[in-house]
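The structure appears below as structure tokens.
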Amino acid sequence: MANEIWTIKRCLEWTKEYLAERGEEHPRLSAEWLLCAATGLARIDLYMRMDETLDAAQLETMHAAVVRRAKGEPLQYITGSTQFRMIDVACAPGVLIPRPETEMLVEEVLNYLDAVVLSPEAAARQRVELPWNDEVEQARKAEAALANERATAERRAANLTAADEAALGSDVLGSRAYAEELADREAEEAAQAAEAEAAEAAEPELDEYGIAIEGADQQTTPAQDAAEANVPAPAELRTARVLEVGCGTGCISLSLAWERRGHVTCTATDIEPRAIDLATKNRDALGLTSDEVAFSLTNLVSSIPREEWGTFDVLVSNPPYIPTDVMRSLPHEVKDFEPDLALEGGADGLDIFRRLLNAAPYMLRAGGLFACELYEGALDAAAELCRQAGLSDVRIVHDLTDRPRIVRAIVTEPKQRI
């Protein structure tokens, strides 16, 4: 096989047929994924470069990947990554693969943060400095100067009587005609001076290569701009604090911090060392810092310092939630490859959920959000448990297939342990 010529097109077709014969549900899509991983090409590029030949290393990688996929191993483990909302996350055996349903869990948290914790109105009130702001202001000043010069000349001419004009002569300084001519000339000179000043003020500062330096002429602060406009200064946006339990790849916390960077910080825990290592790798790949997303190896919330209890705005989790009896009927690629620790949730799928619900009033501030992704058959029971625990505004959110998937509720009365 290594001595044969294998183009992208030939490899794609062969892989598709091979996987289809072994029961692959979407053989062409799987073949595309594997080829992209082996060649480093985007999916669309495969079809732009169908006649290109795979080299020996690419063929060897592709062969190993096809063998693994034929045995049922998830594509995300084979390719080593998957896309989650706006970010790419690395995936590895031993850590749960992110699902589309969990993207909706992130959306629910973001909607809450935007509406309750953060302040989009304050952000909208902030003045945006545009390049032409100074030019508009200078033009306005030039128009005002022109009007002022005309008014002065008219007042000067109006003070001359017809007798004064006759006595002085039409060519003498101070005559009505001369005054009007002078007014026009002075106004024109004032306008030209104002335009020159505007052009000078609007001219951008250049770097050593002659390229304009953005923001070099922006000297005012939002508070000064607000004062000039006679409106209240914009309020400072508060930083939201999120606690995630069972972070896995870190996709939830990393998405929250990435999509609201500078306004959301996350503390995320997991009991699996491989999950913490992978989540940290994903954080570093995104360029996020430990101050923005902090990962902790611990059981649920055990590592949260006492002084941080009651300070979180959100407690979010995608905990193990598959009922024990349902575990046996899971697809082969889930049951035999993904970790049971991240899947099984006890007899009714709510074992870990109950422990999180018990912790929520101690971790969250008043008005904080408690949100969990759960097994579709357990949402009604979970919602009732939230009501019994004294949480308010309990809601069930359906996923894209219209199955109940997320329970969310508000902690109205935080608790403190003695």
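Residue ranges 73-79, 251-257, 44-50 sort as 251-257, 73-79, 44-50 when ordered by packing (mean number of other C-beta atoms within 10 Å per residue, highest first).
Work out the FRET efficiency for Lys281 and Asp336 from their Cβ-Cβ distance, taking R0 = 22 Å, and round it to the nearest 0.05. Efficiency, from the Cβ-Cβ distance: 0.35. Other residues with beta-carbon under 12 Å from the beta-carbon of Arg328 carry, at +1 per Lys or Arg and -1 per Asp or Glu, a net charge of -3.
Of the residues His398, His263, ranked by 1.4 Å probe accessible area with the largest first, the sequence reads His398, His263. For Leu113, neighbours were defined as the other residues whose beta-carbon sits under 9 Å from its Cβ, and their charges (Lys and Arg +1, Asp and Glu -1) total -1. Between the amide H of Val293 and those of Cys266, distances stay under 5 Å, these residues lying 5 or more places away or on another chain, with hydrogens modeled in the peptide plane.
Could you order Leu96, Leu379 so the one with the most accessible surface comes first? Probe is 1.4 Å. Please list the in-between numbers first.
Working: Leu96 35, Leu379 0 Å².
Largest to smallest exposure gives the sequence Leu96, Leu379.
In region 266-418, how does Rg compare with the Kirkwood Rh, expressed as the Rg/Rh ratio over alpha carbon atoms?
Working: Rg = 16.2 Å, Rh = 16.6 Å.
Result for region 266-418 is an Rg/Rh of 0.98.
At the residue level, Ser392 shows approximately 40 square angstrom of accessible surface with a 1.4 angstrom probe and all protein chains present. Since only Tyr47, Val106, Ala57 are under comparison, the one whose Cα sits farthest along the positive direction of the charge dipole of region 43-108, derived from C-beta charges on Lys, Arg, Asp and Glu, is Ala57.
Assuming R0 = 41 Å, what is the FRET efficiency of Glu60 and Arg328, from their Cβ-Cβ distance, to the nearest 0.05? Please report the intermediate quantities before stating the final value.
Working: r = 37 Å, r/R0 = 0.90.
Calculated value: 0.65.
Listed by chain and number, the lysines whose C-alpha is less than 30 Å from the C-alpha of Lys281, apart from same-chain residues fewer than 8 away, are Lys71, Lys335. Using equal-weight Cα scatterers in the Debye expression, the normalised intensity of region 348-404 in log10 at q = 0.18, 0.31 Å⁻¹ is -0.61, -1.47. Other residues whose C-beta falls under 12 angstrom from the C-beta of Asp399 contribute a net charge of -4, scoring Lys and Arg +1 and Asp and Glu -1.
The values are calculated or read from the model by the stated rules, or taken from the named source; none is laboratory data. Not measured: the values here are computed from a predicted model. Methodologically, a virtual Cβ is constructed for each residue, glycine included, from the backbone with ideal geometry; neighbour enumeration extends over all protein chains shown. For accessibility, only protein heavy atoms count, side chains too; no ligands or nucleic acids. Shrake-Rupley method; radii C 1.70, N 1.55, O 1.52, S 1.80 Å.
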